[in-house]
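Colleague: Structure in structure tokens, see below.
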Amino acid sequence: MKKIPLLAIILIALLAAVFGPAAAQEQPPIISTVPPVPPIWNFGELVIEYQRVNVTIANQVATTHVDQLFVNTGDGLLEGTYLFPLPPGAAVSQLTMWVDGRAIEAKILPAGEARAIYDEIVRQLRDPALLEYVGSSAIQANVFPIPAHAERRVELEYSQVLTADNGLFHYVYPQSTDLYTNTPLQSQSIHVEVQSNEAIRALYSPSHTVSVERDGEFRAVVGYEASHVQADADFELFYTVSPEEIGLSLLSYKEAGEDGFFILLAAPSVNVNPDEVVARDVILVLDTSGSMEGEKMAQAKEAALYVLDHLNPQDRYNIVAFSTGVRLFSDRLTPQTADVDYRSFINSLAAVGSTNIGLALLEAAGQADNERPLTILFLTDGLATEGITDTALLLDNVREAMPEKARLFAFGVGYDVDTFLLDSLAENHQGTTTYVRPGEAIDEAVSSFYAKVSTPVLSNISLDFGEIVAEQLYPADLPDLFAGSQLALAGRYRQGGPTTITLSGEVNGRQQVFTYEDMTFRTEGGEAFIPRLWATRAIGHLLNQIRLHGEDPELVQSVVNLSLRYGVITPYTSYLIQEEDIFSQSARDEMAVAPMALPTQVTGQEAVEAAYAFRSLAVAEAPLPVEVTRTAAADGSTVAQESVKLVDSKAFVYRDGVWMDTAYNPDEMTAQEIDFASDGYFDLLTAAPDLGQYLALGQRVLVVYQGQAYEIVLEGGDASPTLPQSANSGVTTSTEPIPTPEATGDGLTVAGRACPAAIFLPLLLLGAAWLTNRRRR
């Protein structure tokens, strides 16, 4: 997905004195010819106090309203042009722009005209940043200048029609603050309301952590809010509609000659017929040892009450409280409809004694009914200190006693828990582990989790992909499906093409089969975030396997290779930042045999934090963001420093002034050198417009495209490169004037106004200094 700026590309920044008519007329030129002044893309004095985005999607028509406040905190006038490239394929049916309550004129530039502007700016100003917008149309308006210490409130609204792909819709809110300010947004909120005549199933954002509120089958609200936001990634939202009881959609991505990647989304109805809810047994296994005394015990009781208050009518339950021994609420499973007082039992629990985990879990397993699914919620804050204290023996005994249909969900409270035990129990019995760290509320963690799994609609599920060979799936063990939630399955496939996907499972002992025809795995192209999301989950899974079962050279090598290729930093691969030679196979081999960087203890803060982090990777719904180091500049602003950048499906590492594609292998490839901004450079871009997003990284880039490595150099390259074949090799140019500075015999003309060259000498120095420190270099 190409990154599109939300608000503006500031083409020229000049002090107010520069624009004075008297200055233009009275000062004679000192230098007869002046090269174009470099654009000051980032205004250090420009602050965006807030940005509020409200989106309404009604039956495929998305209307986006953006409200933002620019503040000039400096002492000089900020003046320039507002240029807003539109998302690819956007059909703008309504465009309204307001500045300080006054409607202003805006012009929509066709893609060809916008491309001509971009190319000319790159040629004249030696700055490739605009190339990432190649192929998109744009909006142009004059919303500046902003006087010193003044502000401009800008409102932008546009509409577009979202196209359906087998019931799947994709909305993109384009944004990038990098091009016009180097300071984060003070605050940002994104609010999306989705309405549909068909039932809404999955709602999924691969770019941001969002909250989702469902209001029945046909309306949903998605929200995101944060402060001090470096808005450098587009906001993306996928949603599906389907009349089926369980909606299923497919997203895929494939590069020519390589295996593909996919995300499968499966989402049941929000409102489920009570007869279609899976009847199950729920057993709460609660630690009441002495270490639970105080607030932890109080919160554990609240969590237990929440779970029992939200059981379904067909459910049965029991409570196993344990310390030195066990205390049962009942000697058998109790129907939810039974008139019994579980509240008094829970309130009577006291924290005293040691921790006999093995006895408690074996007691829970002994109450299982093999005919019904069993859910065990196991909560503890410590190690096994009574009964079976050997972790391996405890795991073996529980594995042998637990029925196949049991699902165990562990909650580890504090830093004194045995992470190896909890994660192994969850892995062995198709559950998950939730770590409640100091300062976090136990009852909130348990209730939030249980709300998602309170209404199971399909258990023991399996998938058949028909003619498609799908493999390396994450999660490896498919979880049950619950009403109002969704499954996001990441995997790889070999050959693309159309197929029929079959989803099957059990509902109260009855086999249910759902068939989805006309599903297509792409043979080329697709959603570029998917490979990195798959890699994030794969790395999380591998790190957990290494942590639980010990280092295996093959697993470690897999982590190293995935980390390098997709830019996911791991304990083994901090070399992405530290090492100079990271591209050769010998360097990878060396890192793969480096000393283990994972925690050696199974308990304590370090162990819990590692378990929490690796679990987060394994179940991630969005690719792991790249870490950015921010340092304070002399003027008090923050400067972003990156060693890794993500563009589309690629990762780039900064080495010796060059952004290098991690797919580059010097042992197997020879890079073709091309001079930056030469005719050959633009010929390459014309033949392969997709390269624009990579070339936008800077003047020196090494990128692998269709198996060929291209290195952009400052001099000495080949001006006539071997061009890739592309169906989009034609570019329409425009004869309209380019809104950029022009050199003249009398000085410099900016925005149609003559300015003497002498006045620009300080600005040239300022621009050169800025370029030296530019983030994109």
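Colleague: Under a straight-distance cross-link criterion of Cα-Cα below 15 Å, which aspartates and glutamates are reachable from K301, leaving out those fewer than 8 residues away in the same chain?
Modeller: Within reach: D287, E293, D309, D341, D381, D443, E444.
Colleague: On to the next question. What figure in square angstrom, to the nearest 10, would you give for the accessible area of T385 with a 1.4 Å probe?
Modeller: Here the residue's solvent-accessible area equals roughly 80 Å².
Colleague: Name the residues of region 208-227 whose amide N is less than 19 Å from a point 7 angstrom out from the Cα of E440 along the C-beta direction?
Modeller: Counting only backbone N, you get 209-212.
Colleague: Leaving out ligands and nucleic acids, and using a 1.4 Å probe, what accessible area per residue does region 285-421 come to in Å²?
Modeller: Result: 41 Å² of accessible area for each residue.
Colleague: So what is the accessible area of region 645-701 per residue, in Å², with the probe set to 1.4 Å?
Modeller: On the way: 1780 Å² over 57 residues.
Spelled out: the 1.4 Å probe surface of region 645-701, per residue, equals 31 Å².
Colleague: Can I ask one more? Please give the residues of region 480-499, grouped as numeric ranges, whose backbone N is less than 15 Å from a label point set 7 Å along the Cα-to-Cβ vector of D518.
Modeller: Of the residues in region 480-499, 498-499 have backbone N under 15 Å from the label point off D518.
Colleague: What is the spin-label model distance, in nm, from V619 to E551 if the labels are put 7 Å beyond Cα along the C-beta direction?
Modeller: 2.9
Colleague: Sticking with this one: Please compute the length gained on full extension between H170 and Q472, using 0.36 nm multiplied by the number of residues separating them and subtracting their Cα-Cα distance.
Modeller: Contour length minus Cα-Cα distance gives 106.2 nm.
Colleague: Right, something else. Enumerate the aspartates and glutamates that K405 could reach by cross-link, defined here as Cα to Cα under 14 Å, with residues fewer than 8 away along the same chain left out.
Modeller: K405 reaches D281, D369, E371, E427, D477, D480, E506.
Colleague: Quantify, in whole percent, the carbon and sulfur part of the accessible surface of region 437-492 (1.4 Å probe; protein heavy atoms only).
Modeller: Its accessible area is 45 percent carbon and sulfur atoms.
Colleague: Taking a probe of 1.4 angstrom, what is the accessible area of W534 in Å², to the nearest 10?
Modeller: Counting only protein heavy atoms, W534 exposes about 10 Å² to solvent.
Colleague: Rounded to the nearest 0.05, what FRET efficiency do V161 and K107 give with R0 = 25 Å and r taken as the Cβ-Cβ distance? Could you check?
Modeller: Working from the Cβ atoms, E equals 0.70.
Colleague: Can you tell which of A129, A141, Q160 lies farthest toward the positive end of the dipole of region 127-169, using +1 and -1 charges on the Cβ of basic and acidic side chains (Lys, Arg; Asp, Glu)?
Modeller: It is A141.
Colleague: Convert each backbone phi in region 472-486 into a coupling constant with the Karplus relation 6.51 cos²θ - 1.76 cosθ + 1.60 (shift: θ = phi - 60°), then list the ³J(HN,Hα) values in order as whole Hz, x for Gly and Pro.
Modeller: So the J values, rounded to whole Hz, are 6, 8, 9, x, 5, 9, 5, x, 5, 9, 10, 4, x, 10, 8.
Colleague: Keeping every protein chain present and rolling a 1.4 Å probe, give me the accessible area per residue for region 448-562 in Å².
Modeller: I get 41 Å² per residue for region 448-562.
Colleague: Here's another thing I want to ask about it. Taking the Cα atoms of region 240-392, what is the range of coordinates along each of the three principal axes, in descending order and whole Å?
Modeller: Result, largest extent first: 62, 42, 32 Å.
Colleague: Round to the nearest 0.05 the FRET efficiency obtained for E400 and D67 when R0 = 56 Å and r is the Cβ-Cβ distance.
Modeller: 0.35
Colleague: Sticking with the crude label model, points 7 Å out along Cα→Cβ, report the distance from T337 to E213 in nm, one decimal please.
Modeller: 3.5
Colleague: Go ahead and run the numbers for FRET between L393 and Q60, Cβ-Cβ distance against an R0 of 60 Å, rounding to 0.05.
Modeller: For L393 and Q60, the calculated efficiency is 0.55.
The values are calculated or read from the model by the stated rules, or taken from the named source; none is laboratory data. This one's a predicted model, so the numbers in the text were calculated from it and none came from an experiment. Glycine also receives a Cβ, built like all others from the backbone with ideal geometry; neighbour counts cover every protein chain displayed. Ligands, DNA and RNA are stripped out before the accessible areas are found, and what is left, the full protein with its side chains, is counted by its heavy atoms. Shrake-Rupley method; radii C 1.70, N 1.55, O 1.52, S 1.80 Å.
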